[in-house]
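Everything on this sheet refers to the single structure shown next.
The values are calculated or read from the model by the stated rules, or taken from the named source; none is laboratory data. A quick note: this is a predicted structure, and the numbers were derived from the prediction, not measured. Don't worry about glycine lacking a Cβ; one is built from the backbone with ideal geometry, like all the others, and counts go over all protein chains shown. In case anyone asks, the SASA skips ligands and DNA or RNA and just uses the protein heavy atoms, side chains included. Shrake-Rupley method; radii C 1.70, N 1.55, O 1.52, S 1.80 Å.
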Amino acid sequence: MKKAVFVYSPEQLGYKFSDTHPFNHKRLTLTMDLLKNIDALDDSDIVPARVATEEELLLAHDPKYIDIVKKAGHGELSEAQCESYGIGTEDTPIFENMHEASAQLVGGTLTAVDYVMEGKARHALNLGGGLHHGFRGRASGFCIYNDSTVAIRYLQEKYNARVLYVDTDAHHGDGVQWSFYEDPNVCTLSIHETGRYLFPGTGNITERGNGQGYGTSFNFPMDAFTEDESFLDIYKQSMREIFEFFKPDVVLTQNGADAHYFDPLTHLHGTMNIYREIPKLAHQLAHEYCDGKWIAVGGGGYDIWRVVPRAWAMLWLEMTDQTLPIGPLPQAWLDRWQPEAPVPLIPTWEDPSPLYEAIPRKAEIEEKNAQMLAKALHIIRNEKRD
Amino acid sequence: MIVEEIMNDAPYTLAPSNTVLEALKLMREKKVRHLPVVDEEQHVLGVITERDIKEVLPSSLQDEPNSPVFHAKVEDIMVKDPLIAHPLDFVEEVALTFYESKVGCLPIVSGGKLVGIVTTTDLLYTYIELTGATEPGSKIDIRVSDTPGILFEITKIFHQHHANVQSVLVYPDSENTQNKILSIRVKTLNPLVMIEDLRKEGFDVLWPNLPGVSL
């Protein structure tokens, strides 16, 4: 069995709103080129992303909505006609063949699922996926189809699996959470910047699931300016306790890389350290609890030059048991991309230190986050005591 | 917003002849803390609260399961002639009554009969809804001068970007009384373009701050 496969097809780059839109899948090219430059990604590791069938998309989406996306992408509908479906907005504009491109991203995640569940690879990565804001009948926040929701339903139907979904994107994983809010066999864990300031506004600790699913949604809303230590404290404690509590058959992680200081849309002030640590623990716990079954997808990440390639490269390196690199990035990569980048590239795997000025209320923010963590995990800790 | 829109229009009630034990059971079963006491024609005679009951009951630390207090009638311990409100009252008037009179509920009376009840909890929930945050959105805080037309200038920019404004809160600037702070929730993941335009028009955007700006 292969350690891991890297799911990718050039067609995934067709998911493109415009040249100026913050969601830019050029980051896939930048990441792969970085990995190839350090001989960490071989052509034999790459498997093509299939296209999700309409039947598969229906696992998570309304037929009417799929029809709207198809027509919009073929120039058959105006922006005004689509707006109530979240399409044709500034966040999620219409682009050519948007249905086909979106179905390709979903298909990539399904390819990853099949590789892992059929035992052809221990782990699988589809960086093109992770579109966690997509709703059943509506696009939201750059996301048209929700590949993770489709993949989890597919995991349930085809493999009868109990799934833990872990979302470390700086934005709350609302679309996936609401899809499984009443389902006791899917647990969602989202760590994000508090919705008091940031899109989508949800992800409060009190969102714990409903009905049969009560107690299988976990949210960890962190304050702005959280920084690495507090972020990792929350991540490590919540992961361990939730794995132990839920005992999943398989884990699906969404690896948005937008909690970094450089990210233009968020305010958490993370550094590259968190992107070294996040995959390490996911990897370890997948082996401890799920016989290694770990599917990883991409997600947010809006500084595509300085943050995403390094962060996502680390994810693949961890997945394939390669030593996480330190020191300079390959000169060939820097030379190739610097002329195109609007900002000076970071020349090393680590961030410069200090990356930013000290945060004046650090101690208070950490204290507040720790309180939040205790409240969010109370439900599990309480049960343990009983 | 008027009271009618937020009130509970099917409140549980008691008759004056009900016992304290019955009142206690109803409160526990239905998870409510306030019960209007009405006659057969639904005229409000009084209100009984969880606290009124607790005050007359023996201490839970003492073992007095058969205390005669349980069998007392609610009319003996209820607040008679309580403050009431009308379905057409404004929610903010009711809020002021709660704040000034330190009561926890108001029976709503129309045509002399009980038609509903409003509690501080209902009011708090209404406030949460007013702040938005039930739909995907980003928050932007702007300091503006306290002059007519400013809100128009700002919403014009959101309009130009086809962005839906979900809620607007206006509150005084604690540093300068000539200013107001606008806290706006907009239905977008990417507020940067709008913030850029707000800044171009000379507005002081307080949140989100650019990286490196102190708290």
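Please work out whether the protein assembly as shown counts as rounded, prolate or oblate from its C-alpha gyration tensor, where a ≥ b ≥ c are the square roots of the eigenvalues and a/c under 1.5 means rounded, while otherwise a/b larger than b/c means prolate and anything else oblate? Show your work: numbers first, answer last.
Values: a/c = 2.07, a/b = 1.69, b/c = 1.22.
Verdict is prolate for the protein assembly as shown.
Compute the length gained on full extension between B:Lys54 and B:Leu169: take 0.36 nm times their separation in residues and subtract their Cα-Cα distance, giving the result in nm to one decimal.
Working: separation 115, 0.36 × 115 = 41.40 nm, distance 3.94 nm.
Value of the extension gain: 37.5 nm.
Which one of A:Pro221, A:Met239, A:Asn255 has its Cα pushed farthest toward the positive end of the charge dipole of region A:215-264, where Lys and Arg give +1 and Asp and Glu give -1 at the Cβ?
Working it through, the farthest residue towards the positive pole turns out to be A:Met239.
Count neighbours as other Cβ atoms within 10 Å of each site's Cβ, and list the trypsin sites (Lys or Arg not before Pro) in region A:292-386 that are DSSP loop with at most 15 such neighbours.
Details: sites: A:Lys293, A:Arg306, A:Arg310, A:Arg336, A:Arg361, A:Lys362, A:Lys368, A:Lys375, A:Arg381, A:Lys384, A:Arg385; in loops: A:Lys293, A:Arg306, A:Arg361.
When the trypsin sites (Lys or Arg not before Pro) of region A:292-386 are filtered for loop state and at most 15 Cβ neighbours within 10 Å, A:Arg361 remain.
Calculate the mean, over all residues of peptide A:262-269, of how many other protein chain Cβ atoms lie within 10 angstrom of the residue's Cβ.
Mean number of neighbouring Cβ atoms from other chains: 3.
Can you give the local net charge around B:Ser183? Use residues other than it whose beta-carbon is closer than 13 angstrom to its beta-carbon, Lys and Arg +1, Asp and Glu -1.
For residues surrounding B:Ser183, the net value is +3.
Enumerate the amide H contacts of A:Ala4 below 5 Å, restricted to partners 5 or more residues apart or on another chain; note that Pro and chain-start residues carry no placed amide H.
Close amide H contacts, sequence-distant or interchain: A:Arg122, A:His123.
Considering only the protein assembly as shown, what is the antiparallel percent among its DSSP beta bridges, to the nearest 5?
55
Using 7 Å Cα-to-Cβ label points, what is the A:Leu13/A:Tyr214 separation (nm, one decimal)?
5.1
Can you work out the accessible area per residue across region A:138-183, with the rest of the protein chains kept in place, probe 1.4 Å, in square angstrom? Spell out each step's value before the answer.
Working: 1080 Å² over 46 residues.
Ligands and nucleic acids excluded, the result is 24 Å² per residue.
Tell me, which residues of region B:186-203 get at least 40 Å² less accessible area when the other protein chains come in, versus the chain alone (1.4 Å probe)?
The answer is B:Leu189, B:Asn190, B:Leu192.
Which whole-Hz ³J(HN,Hα) couplings does region A:96-106 yield from phi under the Karplus relation 6.51 cos²θ - 1.76 cosθ + 1.60, θ = phi - 60°, glycine and proline marked x?
Values per residue, Gly and Pro as x: 5, 6, 5, 5, 4, 5, 5, 5, 5, 5, 5 Hz.
In the protein assembly as shown, what percent of the accessible surface is made up of carbon and sulfur (1.4 Å probe, ligands and nucleic acids excluded)?
Whole-percent figure for carbon plus sulfur exposure: 51.
Work through the residues other than A:His283 whose Cβ is under 12 Å from its Cβ and net out their charges, Lys, Arg +1 and Asp, Glu -1. The partial results should precede the final answer.
On the way: positive: A:Lys3, A:Arg122, A:Arg276, A:Lys280, A:Lys293; negative: A:Glu277, A:Glu288, A:Glu318, A:Asp321.
Taking every other residue near A:His283 into account, the sum is +1.
Could you tell me the number of lysine pairs in region B:43-155 with C-alpha atoms less than 23 Å from each other, where the two lysines are 8 or more residues apart or belong to different chains?
6
Which value, in square angstrom to the nearest 100, describes the accessible area buried between chains A and B on both sides, using a 1.4 angstrom probe? List each step's numbers first, then the result.
Working: alone 15070 and 13730 Å², together 26690 Å².
Chains A and B together bury approximately 2100 Å².
How large is the accessible surface per residue of chain B, computed with a 1.4 Å probe and reported in Å² as a whole number?
59
Using a Förster distance of 56 angstrom, determine the FRET efficiency expected from the C-beta separation of B:Tyr99 and A:Ser44, and round it to 0.05.
Efficiency at R0 = 56 Å is approximately 0.20.
Just by accessible area at a 1.4 angstrom probe, what is the order of A:Glu207, B:Glu196 from largest to smallest?
B:Glu196, A:Glu207
If each residue of separation counts as 0.36 nm, what is the full-extension length gain between B:Glu29 and B:Val193 once their alpha-carbon separation is subtracted? Spell out each step's value before the answer.
Working: separation 164, 0.36 × 164 = 59.04 nm, distance 5.27 nm.
Full extension from B:Glu29 to B:Val193 adds 53.8 nm.
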